[in-house]
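Okay, structure first, notes after.
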Amino acid sequence: MKIRGQRECKDCGTRWAYYETGSVDCPSCGSLRSVGVEDDRTLHTATPRSLNLTPARDELEAGKPPRQVAETAAGIAREFTRGYGFIDAGALQPLSDRYLAAMELRHVGSELSRHRAVDEPEEYYLLSLLQGDVSERPGPEAVPDSLRAARGLAYATAIEAYRGDLREYLEEHPDPDVADVLGPLDNHTKRMQALDGDVPPEDAEVLVVATRELWRYLTEDDETALVNAQDRLRRLSG
């Protein structure tokens, strides 16, 4: 959506950036009576949010069953990814590891919470998703066979969400040269969804890399990145 990023409170006169707070509530007095003070509206879909996995980690340290930890983690990740936006004050953001890891935790956690028993490789993989600040993802080779569909579906869902914001961005910044990437990317994403994510993790990773290369082309005018994305998707089709 397009918004006026700078707002002013009609009650106390405070000015603030909607981009930073994601709210029309006045940060000084809490009033809802505010107005945009810029003439132009800017495309903006991002909202300030943090991914706090402490409750799930605390359950893990307390020795709670992996199924319970997985369910808690999935719920936290679901809230983080719901309505997530990739355009910040008109600037297209990349498909980040943090968002991908959260989306995977949402799907893997939901999957494991339904298992009667969580085996050792699955538990270790869940632990790897919970460790650190979730800014790094486990590599494709680390995915247990029983969870590769969950990872594939997570990535397909993430790319589809990113594609939605990308459509809005391209309406303001049209570029016919991206068609050779967008078409195959959409086709592969739909195929992954039709297969419920059950594709080799390496194939899912190719789509992530191609999406990021498309972002690099659009934001940095890197034509090599566009060619690389085309080649990756062409080889994946072959």
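The values are calculated or read from the model by the stated rules, or taken from the named source; none is laboratory data. The structure presented is a predicted model; accordingly, all values stated were derived computationally and were not measured. Quick reminder, even Gly has a Cβ in these numbers, built from the backbone with ideal geometry, and neighbours come from all protein chains shown. Side chains included, ligands, DNA and RNA excluded: accessible areas come from the protein's heavy atoms. Shrake-Rupley method; radii C 1.70, N 1.55, O 1.52, S 1.80 Å.
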| Measuring from label point to label point, each 7 Å out along Cα→Cβ, what is the Asp196 to Tyr124 span in nm? | 2.6 nm
| Which value, in Å² and to the nearest 10, is the accessible area of Ser31 when all protein chains are kept and the probe is 1.4 Å? | 10 Å²
| remark: Residue-normalised 222 nm signal for the chain, counting each DSSP H run of n ≥ 4 as -39,500 (n - 2.57), nearest 500 deg cm²/dmol, is -18000 deg cm²/dmol
| request: Enumerate the amide H contacts of Leu43 below 5 Å, restricted to partners 5 or more residues apart or on another chain; note that Pro and chain-start residues carry no placed amide H. | output: Ile3, Gly90
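From the protein chains alone at 1.4 Å, what is the descending order of accessible area for Ile76, Ile87, largest first? Please list the in-between numbers first.
Values: Ile76 40, Ile87 0 Å².
Heavy-atom accessible area, descending, gives Ile76, Ile87.
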| Translational diffusion of region 81-165, µm² s⁻¹ [Kirkwood Rh, Cα pairs; Stokes-Einstein; 25 °C; 0.890 mPa s] | 181 µm²/s
| task | Please give every one of the aspartates and glutamates within straight-line cross-link reach of Lys190, meaning a C-alpha to C-alpha distance under 14 Å, and leave out same-chain neighbours fewer than 8 residues apart. | result | Glu160, Asp198, Asp203
| said: Using amide H atoms built in the peptide plane, which far-off residues or other-chain residues are under 5 Å from Gly85 H to H? | reply: Thr47
| remark: Where a ≥ b ≥ c are root eigenvalues of the Cα gyration tensor, a/c under 1.5 meaning rounded, otherwise prolate if a/b exceeds b/c and oblate otherwise, region 1-42 counts as prolate
| task | With θ set to phi - 60°, apply the Karplus curve 6.51 cos²θ - 1.76 cosθ + 1.60 along region 164-172 and write out the HN-Hα couplings as whole Hz, x wherever there is a Gly or Pro. | result | x, 5, 4, 4, 5, 4, 6, 5, 8
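When N counts the residues of region 1-117, how does its alpha-carbon radius of gyration compare numerically with 2.2 N^0.38 Å, as a ratio? Numbers along the way, then the final one.
Values: Rg = 18.8 Å, N = 117, 2.2 N^0.38 = 13.4 Å.
Cα-based Rg divided by the globular estimate yields 1.40.
Using alpha-carbon pairs under 8 Å, 6+ residues apart, how would you state the relative contact order of the chain in percent? Numbers along the way, then the final one.
Working: 358 pairs, mean separation 36.0, N = 238.
Computed over the chain, the figure is 15 percent.
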| So how much accessible area does His44 have, in Å² to the nearest 10, using a 1.4 Å probe? | 0 Å²
| For region 106-238, what mean projected area does the convex hull of the alpha carbons give, in nm²? | 8.8 nm²
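Treating the beta-carbon of each Lys and Arg as +1 and of each Asp and Glu as -1, no other charges, what is the dipole magnitude of the chain about its Cα centre, to the nearest 20 debye? Don't skip to the end; give the middle numbers.
Values: 29 positive and 44 negative charges, 164 e Å.
Magnitude of the dipole: close to 780 debye.
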| Rounded if a/c is under 1.5, else prolate if a/b beats b/c, else oblate: with a ≥ b ≥ c from the C-alpha gyration tensor eigenvalues square-rooted, which is the chain? | oblate
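Would you mind classifying region 192-238 by shape? Square roots of the alpha carbon gyration tensor eigenvalues, ordered a ≥ b ≥ c; an a/c under 1.5 is rounded, otherwise it is prolate if a/b is larger than b/c and oblate if not. Walk me through the intermediate numbers first.
On the way: a/c = 3.25, a/b = 2.07, b/c = 1.57.
In terms of gyration-tensor shape, prolate.
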| request: Please state the charge dipole magnitude for region 10-92, taken about the Cα centre, from unit charges on C-beta atoms (+1 on K and R, -1 on D and E), reported in debye and rounded to the nearest 20. | output: 220 debye
| request: Return, ordered by residue number, the residues of region 219-233 whose backbone nitrogen is under 19 Å from a label point located 7 Å along Cα→Cβ of His173. | output: 219-230
